[in-house]
1. So for F421, F331, F137, fewest C-beta neighbours within 10 Å to most, what's the order?
2. Taking neighbour Cβ counts within 10 Å as the exposure measure, how do T235, T390, T367 sort from fewest upward?
3. Once every DSSP H run of n ≥ 4 in the chain is given -39500 (n - 2.57) and the sum is divided by its residues, what mean residue ellipticity at 222 nm do you get, rounded to the nearest 500 deg cm²/dmol?
4. In nm, to one decimal, how far is the modelled label at D132 from the one at R639, with both set 7 Å along Cα→Cβ?
5. Give the percent of DSSP beta bridges with both residues in the chain that are antiparallel, rounded to the nearest 5.
6. Just to verify a number: FRET efficiency for H119 and T542, C-beta to C-beta distance, R0 = 35 Å, to 0.05?
7. What's the FRET efficiency of L429 with W400 using the Cβ-Cβ distance as r and R₀ = 30 Å, to the nearest 0.05?
8. Please compute the contact order of the chain in relative form: average sequence separation of alpha-carbon pairs under 8 Å and at least six residues apart, divided by the residue count, as a percent.
Amino acid sequence: MSLLILMLQIAVILSTARVAGFVFRRMGQPQVMGEMVAGFLLGPSLLGWAAPELSGRLFPPGSLANLGPLSQVGVLLFMFLVGLELDPRLLRNRGRAAIVTSHASIAVPFLLGALLALHLYPRLSDRSVRFDEFALFMGAAMSVTAFPVLARILAERNLLRTRLGVMTIACAAIDDVTAWVILAAVVALVRSEAGDQPLVFTLVGSAVYVLAMIYAARPALRRLEAYYHSRGRLTQDMLAIVLVALALSAYATEWLGIHALFGAFVLGSILPKDSGFVHELGEKLHDVTVVFLLPLFFAVTGLRTSLGLVSGAEMWIACALIILAAVIGKFGGSALAARLTGLGWREASALGALMNTRGLIQLVFLTVGLEIGVISPALFTMMVLMALVTTFMTSPLVEWIHPARRIREEALGVPEDVKAFTVLVPVALPSAGPELLRMAASLAPSDRDRIYALHLLPAADQAMLDPGRLTRPAESETLQPLLAAAADQGTNVRPLTFMSQNIGRDIVEVAYAKRADLLLMGWHKPVLRQSILSGTIYDVMTTARSDVAVYLPRHFRPWRRVLVPYLGSAHDLGALDLARRIAAQEDVELTVLHVVRPTPAPPPAPPGLSLEDLADSSAITVRMVMSQEPIETVVEEARSGYDLVVIGVSEELGLQPTYLGTSHERLASECPASMLIVHKRGVA
């Protein structure tokens with residue numbers, strides 16, 4: 001029966017975490033924020049209050065005996081990943097500003113936490129906890145910054161390689177190392193008082209452990225890294241060796257009396273950071289940890305958190321004081337120190353807001369404090385609320401101080417030649433790049449023209465952050481096939497790579513910043529939608545301030561015969577303009593098929609289209625066809641040996657942007673030639 005309950009609990013927890021993560025991501029928050037809240041919602045604060053019978057069936061007393069160990073494994077793996085992302089080079093040579101700011105961002109919140117302990121100790125603690133231990137823990141808990149969450153916020157906002165980003169990362173790394181050292185001291189003191197291990201044994205043993213990890217384990221791990229290079233990939237045996245080392249390191253620190261989490265963190269910290277070994281190892285462990293194990297930890301934390309424990313005006317005032325001290329200490333201390341060391345007020349305030357992020361690290365910190373008995377369940381609940389509030393406020397506060405649009409505009413710069421024809425090519429799949437480049441090069445063949453290849457990294461799909469990303473230029477594996485093809489063809493392409501929380505919006509903004517004349521997008525068959533012009537393509541077509549074209553390649557042979565169906569719309573004129581650019585090349589025959597419905601009166605001349613001028617060109621053929629079935633007519637003509645059909649979006653032809661994407665485009669599915677579907681800017 002316990003196994004049945006455990007499986008049901010896992011299913012409910014994971015489902016709730018993914019839904020909450022999606023909702024919070026749409027709100028501009030990190031996904032982990034939603035997953036933290038999901039755990040809170042499943043606990044007695046909401047589910048236990050709103051549906052106590054359901055909560056009792058789903059999480060019966062004693063069920064944590066099965067759920068708890070799984071969540072602890074998740075936390076151990078997470079702390080290992082935190083250590084893996086922590087590059088010691090971040091702590092070196094960061095200058096006076098980073099040193100002063102990091103010290104202030106620790107000292108000010110630590111001092112406020114210790115002072116607040118004077119007020120909280122007689123009200124929320126008892127004589128079983130010594131005041132010095134309580135004050136040390138409160139000070140350290142106020143000093144914590146969620147390094148992984150902060151790093152991902154910086155990545156999402158494309159700030160990693162800016163002065164602000166590098167300085168913030170360095171300060172956060174120093175803060176977390178310092179806070180965890182203080183927590184290790186508190187754990188050692190508490191456990192020595194309880195008689196688990198003598199304090200001298202813990203101190204001496206910890207020193208021996210650290211030396212052994214640096215001078216024995218680290219060289220051994222370098223040999224494992226060398227073996228990785230010789231094999232060219234991370235094998236299952238290598239992964240097993242690392243996991244065994246993780247278990248032994250965690251066991252050692254738990255036996256020494258400073259908690260298993262420190263062993264996991266230290267092992268991740270000493271792994272060599274100079275190669276793909278660490279990155280591939282992190283990717284292997286990241287998904288199962290973040291998607292499967294950490295939501296279980298959030299649920300266990302939520303089950304331990306009860307708003308019912310915070311009752312009465314005095315306790316809520318104490319909770320407000322904790323949140324206020326946390327914000328003033330971290331935000332105020334960091335921002336003021338950064339300003340005094342030379343940063344402008346905008347950058348200094350953004351740094352303070354980022355350093356105020358507590359996130360998951362705070363929950364792990366608080367869980368340790370609750371386990372060793374330094375804080376009571378009521379204080380634990382207050383501190384969890386503080387972690388949620390400070391993490392939630394980070395993204396909107398940073399956006400207000402340092403807008404993402406301004407960051408992108410500064411990074412993109414202003415185009416040199418506004419008269420050049422500019423094509424922006426968003427690339428989602430590596431395989432689509434070369435063929436999109438072929439189309440872009442045919443539309444912008446001149447040396448004066450510009451082609452930008454853009455790859456946006458979805459924020460939700462982030463795995464491990466490569467520690468080397470702070471010290472080397474942006475690279476994108478997705479763009480490599482396109483760039484390789486450009487080098488072979490001698491085509492000048494300028495790559496752009498950014499993190500994005502809203503792909504469609506950011507494509508449009510980059511196109512505007514680069515003054516693109518055309519957005520050339522690829523298409524791959526979606527899993528759920530039936531329409532080509534839906535999803536991101538719909539978002540771009542309906543908001544872009546440039547022309548948009550969607551390319552559907554059917555083959556890779558040269559375009560010798562090109563067809564342009566013309567029904568008289570502005571989109572058709574846009575399609576004709578692009579087709580004429582392609583036809584300007586040698587050996588390309590362009591046919592304009594003017595389709596009109598039979599009427600008693602002669603068909604009007606197409607607006608803006610001079611059939612006589614087109615007919616004067618030996619490479620362009622103009623045909624007028626009367627038909628009540630435009631789709632049938634165009635499909636029949638396309639089947640007569642054309643290589644490419646360039647066509648404007650048209651309701652009559654079954655091609656129009658649609659939000660839900662529930663309609664099939666018959667023309668696209670039945671046309672044997674490659675297609676370029678064109679949407680003219682500013683036209684519905």
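1. With the fewest neighbours first, F421, F331, F137 line up as F421, F331, F137.
2. Numbers: T235 12, T390 25, T367 20.
With the sparsest Cβ surroundings first, the list reads T235, T367, T390.
3. Numbers: 29 runs with 392 residues, N = 684.
Per the formula, -18500 deg cm²/dmol.
4. Result for the modelled spin labels: 9.1 nm.
5. Values: 6 of 46 bridges.
Within the chain, antiparallel bridges account for around 15 percent of the total.
6. Working: r = 55 Å, r/R0 = 1.58.
The formula returns an efficiency of 0.05 here.
7. Details: r = 35 Å, r/R0 = 1.17.
Once the sixth-power term is evaluated, E becomes 0.30.
8. Working: 1123 pairs, mean separation 98.6, N = 684.
Averaging sequence separation for qualifying contacts and normalising by length gives 14 percent for the chain.
Rule-based calculations on the coordinates, nothing more; no lab input. No experiment lies behind these values; they were computed from the predicted model shown. Cβ: placed from backbone, ideal geometry, glycine included. Neighbour counts: every protein chain shown.
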